Amino acid sequence: RRAPPLATIASRPIGELIYPLLNDSHNWFAEMLLKVLGRELGGAGSWDSGTAVVGRFLTDSVGVDSTAFDLQDGSGLSRSDLISPRAIVAILRYMRAHASNAGFLRALPRPGSGTLSDRLLCTPADGRLEAKTGSMREVNALAGYLDRPRDGPYIFDIVTNNHPASYASGVAQIDSLVLALAGGAKAPRAPGAQCTATPPH
């Protein structure tokens, strides 16, 4: 470690790295970014150091109650990861108002892109929704922004936790709630069905 490095590779800017993380749920990127945060701001490139940095940011900058989350990793795949929907909404509100939020907002999936590529196309939410998906066995979630023309942007977090329903059923129930918020009852597009709307890019 005392010898000079043989080669140095600079990573892409954070604005580019955040896109595959959010749009495609690239969990490995999430884990590596957490450890980089730990190394740069906490002294060690580890989960413990990284989650401590994120925890301080959530409480000190975002104003989230420290009892509203318990983080173990960067991707959220640990069954020990806990965070309340209210805390997620607080983070989304903070990012919506942040001066440097362009990369974050651009990376959120929309109907027809990323993890929402086959959800909510040709519905009242199409073109008005920017949201991050989340799922594991018995858990489905969707959190983000829904533009309601008369009421302005609506920030939401919908979580179904510890449920016995299938993945498809859990997603359908969440999508029906999003449509209710969007003010329309039109059913989401069936897989493989044609849509005349142009998906956002």
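Structure above, values below:
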{"item": "Added length on full extension, which subtracts the Cα-Cα distance from 0.36 nm per residue, Leu41 to Val89", "result": "14.8 nm"}
{"item": "Net lengthening on full extension, Ala172/Asn101 (0.36 nm per residue, minus Cα-Cα)", "result": "22.6 nm"}
{"item": "Proximal charge balance of Ser46 [Cβ under 9 Å; K/R count +1, D/E count -1]", "result": "+1"}
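Read the figures in this text as sums done on the coordinates, not as results from a lab. Note that the coordinates shown come from a computational prediction; the quantities given were computed from them, not determined experimentally. Every residue, glycine among them, receives a Cβ derived from its backbone with ideal geometry; neighbour counts consider all protein chains shown.
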